[in-house]
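Written below as structure tokens is the structure these notes are about.
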There are 2 protein chains.
Amino acid sequence: MKVYVAEGSGFCFGVKRAMDMAFKYAVKNRGKKVYSLHEIIHNPQEVVRLEKAGARHVEKISSIEKGAAAIISTHGVTGLEQDRLKEKCGGVLDTTCPYVKKIHNIVKKLADENYQVIIAGDADHLEVKSILGYAGEGAVVVASAREASKLKLREKVGVVSQTTNNMAMYIEVLGEVQKKAFVSRYSEVRAFNTICDATKNRQAATLELAKKVDVLIIVGGKNSANTKRLYELGKTVLPWVYHVETASEIKKAWFAGKKAAGVSAGASTPEKGIIDAVKRIKMIGEN
Amino acid sequence: MKVYVAEGSGFCFGVKRAMDMAFKYAVKNRGKKVYSLHEIIHNPQEVVRLEKAGARHVEKISSIEKGAAAIISTHGVTGLEQDRLKEKCGGVLDTTCPYVKKIHNIVKKLADENYQVIIAGDADHLEVKSILGYAGEGAVVVASAREASKLKLREKVGVVSQTTNNMAMYIEVLGEVQKKAFVSRYSEVRAFNTICDATKNRQAATLELAKKVDVLIIVGGKNSANTKRLYELGKTVLPWVYHVETASEIKKAWFAGKKAAGVSAGASTPEKGIIDAVKRIKMIGEN
């Protein structure tokens, strides 16, 4: 069995940075209470690893003890949440991805200039929730062109995308936003490319890989938006695509009669997860 | 033969305004030399009518006598041309459509704020030429999505449309501009709806009419962009569409075996042109 790994698989710049910062912070504050508000990145195994280093994962600010140290996850929080953390905690480490922070700044400026902000992305995702916190009154989230086609819009509209979106989907959403916005004269749609390069490159490499292998394994958190998108993308060209969180979930039956396997992994998948998956597929291929 | 006329056919607000202004100016300046730079509107019969009222049509500023009175056509001129006219002429009447003037202001502001301006429209059309004059360095004109797909763009792009464009075409162009612009991170595409309502309504009414008649006659100048677009639009749903400048061009053979005829006319077609066409079709239907 030949096994290929998609280029750009695994930790992106923002995730690497957040993990490094969080671990250093946990070590520095050893002996003190340290909390990670939300999952530091969307990978359960890495969340556990950080818990072992001393930073307990909580989902609510109310679960954080007064005076304790807090870590803001790579997906960011709203300005309101940030203020509450600063008020309540002894120290706050902000690991928000700089590319997400940049979107916060863009939508804040748009809202200040009276644009209605549209965010193309998943409304339940932490990154989108944090962006929404800066996007002002009337801001809305749309997950698809179909959702965008139902919008009621103001005269001036600003549009951004979740960093991990697919570009084709984003451009489709923009087309619908324009159709809805352009019913009144001089209405304006101001769109920003906020999809990060790592996402774009990883998606392109995964699509290429899906075309040359017989079976594709996507490794990463089941709650990771960008990992799920790799799975969806693979499915557009290959029927045999499987999404696993760890190598142990990979089944022998998936490789019966197959000659070449591909492995791709989301931005929140550690290198070990990729290496373990490759090892397991090779082992299956030998038996 | 039943004959239907599309709603919104004939002179739009901007054309009506320009013709009123130009005739009053010609009358006021009777006895003096008066020139209309370019065709006041894109209808040869109306140009002749204005010439008879005393305003001679010329295509170049150099053809205007020093100290004479000049009329700027409804499609507008560049700032440079305006300055030259003011310098050379005894008086200048500006009949530029306020909706075109608004586009001049939008692109000037975009250029000042360092946006590369893209104009969706016909590069040879006077309106587009006048807009281009305010659009700053690096501004380009594209007539189709295919042309837009070949663009090399700067990081910040501003897009406007010729007032008489088709909205679906404009949104297609924007999709391509976004695809080209969004190769770099945080690139921005700022699009304005500058298609005028009269155009939008006339196109919608013509399309509806084309669906219910057997033959469609489009009346208007052969050099009128918005009239040509009505013809193209009609052709998308009906094979029997004819573009004439005056009623005399309407042929009997076009109506053989047909029961219902439609008439639509561009923004630069005078009411008389529409009435004459309807009369001629009815006469043909009776014989």
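The values are calculated or read from the model by the stated rules, or taken from the named source; none is laboratory data. Keep in mind that what you see is a predicted model, and the values were worked out from it rather than measured. Here the Cβ is made from the backbone with ideal geometry for all residues, glycine too, and neighbour counts use every protein chain on show.
A compact table of results
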read-out: Enumeration of residues in region B:155-189 that are at the interface with chain A (Cβ under 7 Å from one of its Cβ atoms) and in contact with a helix residue (DSSP H, G or I) (Cβ under 7 Å, 6 or more places away or on another chain); value: B:167, B:171, B:174, B:175, B:178, B:179, B:182, B:185, B:186, B:187, B:189
read-out: Unique match (being within 14 Å of chain A (Cβ to nearest Cβ), among the aliphatic types (A, V, I, L, M) and surrounded by 15 or more Cβ atoms within 10 Å (Cβ to Cβ)) among B:204, B:247; value: B:204
read-out: Subset tally (residues that are touching a helix residue (DSSP H, G or I) at 6+ places or on another chain (Cβ under 8 Å) and in a helix (DSSP H, G or I)) for region A:240-270; value: 4
read-out: Any hit, region A:160-174, residues being charged (D, E, K, R), under 29 Å from residue A:266 (Cβ atoms) and part of a helix (DSSP H, G or I); value: yes
read-out: Members of region A:182-194 found to be at pLDDT below 95 and crowded, with 23+ Cβ neighbours inside 10 Å, listed by number; value: A:182
read-out: Selected residue (criterion: farthest from the chain's Cα centre (by Cα)) from residues of region A:136-159 that are closer than 29 Å to residue A:207 by Cβ and either of a type in the set (S, T, N, Q) or assigned to a strand (DSSP E or B) (or both); value: A:149
read-out: Subset of region A:69-83 that is surrounded by 17 or more Cβ atoms within 10 Å (Cβ to Cβ) and of a type outside the set (Val, Ile, Thr) - its residue that is farthest from residue A:135 (Cα to Cα); value: A:69
read-out: Among residues of region B:190-201, those that are without any contact (Cβ under 8 Å) to a residue 40 or more places away in the chain and more than 7 Å from chain A (Cβ to nearest Cβ), counted; value: 2
read-out: Per-region count, region A:219-228, residues in contact with a helix residue (DSSP H, G or I) (Cβ under 7 Å, 6 or more places away or on another chain) and either of a type in the set (Gly, Ala, Ser) or at pLDDT 95 or above (or both); value: 3
read-out: Enumerated strands (runs of 3 or more DSSP E) restricted to region B:1-108, each holding at least 3 residues that are of a type in the set (A, V, I, L, M) and outside the structural domain of residue B:243 (by TED's automatic domain parsing); value: B:69-72
read-out: Among (1) at pLDDT below 95; (2) of a type outside the set (A, V, I, L, M, F, W, C); (3) under 20 Å from the mean Cα position of the chain (by Cα) - the single one residue B:101 does not satisfy; value: (1)
read-out: Checking residue B:216 against (1) within 30 Å of residue A:149 (Cα to Cα); (2) more than 9 Å from chain A (Cβ to nearest Cβ); (3) touching a helix residue (DSSP H, G or I) at 6+ places or on another chain (Cβ under 7 Å); (4) crowded, with 23+ Cβ neighbours inside 10 Å, the condition it does not meet; value: (1)
read-out: Residue list for region B:155-170, restricted to those being under 24 Å from residue A:163 (Cα atoms) and without any contact (Cβ under 8 Å) to a residue 40 or more places away in the chain; value: B:155
read-out: Per-region count, region B:103-129, residues within 14 Å of chain A (Cβ to nearest Cβ) and surrounded by fewer than 17 Cβ atoms within 10 Å (Cβ to Cβ); value: 3
read-out: Meets criteria (touching a residue at least 12 places away in the same chain (Cβ under 8 Å) and not in a loop (DSSP other than H, G, I, E, B)) for residue A:237; value: no
read-out: Failed condition for residue A:198, given (1) touching a Cys at 6+ places or on another chain (Cβ under 9 Å); (2) surrounded by fewer than 23 Cβ atoms within 10 Å (Cβ to Cβ); (3) outside any helix (DSSP H, G or I); value: (3)
read-out: Residue list for region A:250-275, filter: touching a residue at least 12 places away in the same chain (Cβ under 8 Å), farther than 12 Å from residue A:3 by Cα and surrounded by 13 or more Cβ atoms within 10 Å (Cβ to Cβ); value: A:250, A:254, A:265, A:266, A:267, A:268, A:269, A:270, A:273
read-out: Top-ranked residue of region B:75-88 - restricted to ones that are in contact (Cβ under 8 Å) with a residue 24 or more places away in the chain and touching a helix residue (DSSP H, G or I) at 6+ places or on another chain (Cβ under 9 Å), ranked as farthest from the other protein chains (Cβ to nearest Cβ); value: B:88
read-out: Residue identified as among the polar types (S, T, N, Q) and more than 16 Å from the chain's Cα centre (by Cα) among A:224, A:184; value: A:184
